[in-house]
Structures are given as C-alpha cells and as structure tokens.
1. Looking at Ile8, Ile51, Ile18, which is the one that is more than 30 Å from Glu242 (Cα to Cα), touching a Leu at 6+ places or on another chain (Cβ under 7 Å) and surrounded by 13 or more Cβ atoms within 10 Å (Cβ to Cβ)?
2. Among the listed residues Ser175, Ser228, Ser191, identify the single one that is polar (S, T, N, Q) and at pLDDT below 90.
3. Taking segment 150-196, which residues are within 30 Å of Leu255 (Cβ to Cβ) and of a type in the set (Gly, Ala, Ser)?
4. Could you tell me which residue of segment 163-186 is nearest to the chain's Cα centre (by Cα), considering only residues that are in a strand (DSSP E or B) and either buried (at least 20 other Cβ atoms within 10 Å of the Cβ) or β-branched (Val, Ile, Thr) (or both)?
5. Please return the ranges of helices (runs of 4 or more DSSP H) entirely within segment 69-156 where 3 or more residues are of a type in the set (Ser, Thr, Tyr).
6. Condition test on Lys5, is it within 20 Å of Gly190 (Cβ to Cβ) and among the charged types (D, E, K, R)?
7. Farther than 30 Å from Lys5 by Cα and either in contact with a His (Cβ under 7 Å, 6 or more places away or on another chain) or not aliphatic (A, V, I, L, M) (or both) - does that describe any residue in segment 174-191?
8. Is it the case, given these coordinates, that Leu216 is hydrophobic (A, V, I, L, M, F, W, C) and surrounded by 15 or more Cβ atoms within 10 Å (Cβ to Cβ)?
Amino acid sequence: MKKLKVVITGGRGYLGSILARKFQIAGWETTLLVREVREKGEVAFQLGKKIAPEVLKDHQAFVHCAYDFKPSSWAEIYQANILGSRFCFEAAMQAGVKRRVFVSSMSAYEGCCSMYGKAKLAVEQEFLPQGVLCVRPGLLWSDESKGMFGKLARAAGNLPFLPIVDGGEQKLALSQAEDLAVGVVDYCQGSAESPLEAQITAYPELLTFRTILEGLAKQAGKNPRFFSVPGWAPLAGLRGAEFLKIELPFKSDSLVGLLQQNPNPRFSKMIAFKRWPAGLR
C-alpha cells in the first residue's frame, strides 16, 4: 500500500516542523517547502513566488503554515503573504490535492487592526469557500520553548523587571502545538467536509497577559517586578526603530495585535487539547 503524502510550507519552522513529525508518526510521507534545501524530502520555495503544480502532484494533503514576517508595508505583505498564499492554494487545487489546510491566527477576525491579522483574514475569505480548512490557533506553546511563548518564558525567567502594556490586562488564548498538529493530521486522514467558517483552535479559557508572565516566572522560580507602561509608548518606540531600520525581536504590528484582541471569539471543538502549560494553573 502506497504511503499518503503531504506537502507542508514552512516545514522547518516552529509549527511546520511539529506538523511534519506528527504526519511522519502517522505514516505519511512529507514534502517540505523551505527556503533552502538541506535534506531529502525538501523543495526550494519562496513565499510570494509561483509554485509549479507538479511539485504537489500525487499528494493527498497540503498544509500552508509559512508566513513571511520581514515585510513591513502593506504592499510587501500583500505580495508575500496574500498573493503568495494564493499561489500555494491555486497550485494545490491544480494538482488535485484533496485536503487543504491554512494555518491562520486568532489575530484574524472581522475588524482586526494588525496587518498580520488582516493578511490572514484575506486568505481565509478567499479560500474558505473553496474547501480549505482554516484553523486559527492562539498563542502556541510546546515543550520545545520556541516561538513567542518561548520568548516570553525566557523573559519571565531572566529579567528582574518586566514591563507590561496597559497593566497586562489583554486576554489571550493558548494552543498546544503538538495537539494542534495531531488535529490537523486527523482531519487530513478523515473524510469530513471542511467547515465553511474559520475554526478557532485554542483552549476556551482566556488568560491575561500578566497572568501568563506571572505563571512563567513562577515556573522558573523567579518573582520579577512588573511595571505598567501606556500602550502608545512602546508602540511609538517600535515604529521609530522600524523607521530607522533598527532590528528588534518584536515588531510594532505584533503589539497592535496584542492590544486589539478579538472581543468575541467563538471556540471550535474540532481539535482536542489535552495538556496545559505547567505553572499557569
């Protein structure tokens, strides 16, 4: 019996690598679309450029989780991430790939303010009607301590003083990365039709930003001092640094997304989350 085959964009990234592992454990053969080919099973790929449908031929599933964070203007974001996603899904459909998944974000919702959220929402709106499953994870966490959650954990465990914007009252939902990946694999192996709405795939329990930092600090055996700063101050600083081409680990658009959360998230039950980060309960 021939192995099922899946194509994953951003297959060497944080979530992409976890997805690849879970598909492989389930017996799938993986083709990873990456910027620089290093190993067998990888194909050179640049988000924003067209993909030859032949690359996706004879694959049963396509998962698009790549996102280019380098562009800062809307025109650049549109070219790389919206038009680039269109190229991806058009190639998948031309190749006859039956199960197609788009990893969006809880930052995407009607009325969102961040360019990241708007770009994700634009892709959802174009491809939901064409049978693409769109999942919206919250703040991803895993035992690997990577991504934004990993950065927060390191900050909470190392810094004696932690600034929090507007008191840290912003409410966030968490998604366990491995459980999310297993849910995507299960969908690709099943026969259920794709929902016509984007699915918020996260724990339904919302935590404040301050609560998350306090829990991470406690887990690390630390007790940092928190001090509140008005949201406009770091936002102005980040935008000034970007104007001067100064590279920082956080972007102003990410702060916009933090400050402007979906006021009424409707959580999906299609993916079961089994674990909760240590120290946050």
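The values are calculated or read from the model by the stated rules, or taken from the named source; none is laboratory data. Just so it is clear, the structure is predicted and the values come from calculations on it, not from any experiment. Reconstructed Cβ throughout: ideal geometry from the backbone, glycine too, with neighbour counts over all protein chains shown.
1. The conditions single out Ile8.
2. Details: Ser175 fails: at pLDDT below 90; Ser228 fails: at pLDDT below 90.
Matching residue, one of Ser175, Ser228, Ser191: Ser191.
3. The initial filter retains those residues of segment 150-196 that are within 30 Å of Leu255 (Cβ to Cβ), namely 150-181, 183-184.
Across segment 150-196, the qualifying residues are Gly150, Ala153, Ala155, Ala156, Gly157, Gly167, Gly168, Ala173, Ser175, Ala177, Ala181, Gly183.
4. Ser175
5. Numbers: elements: 74-77, 83-94, 115-127.
Result: empty, no element qualifies.
6. Values: within 20 Å of Gly190 (Cβ to Cβ): yes; among the charged types (D, E, K, R): yes.
Yes.
7. no
8. Against the criterion (hydrophobic (A, V, I, L, M, F, W, C) and surrounded by 15 or more Cβ atoms within 10 Å (Cβ to Cβ)), Leu216 qualifies.
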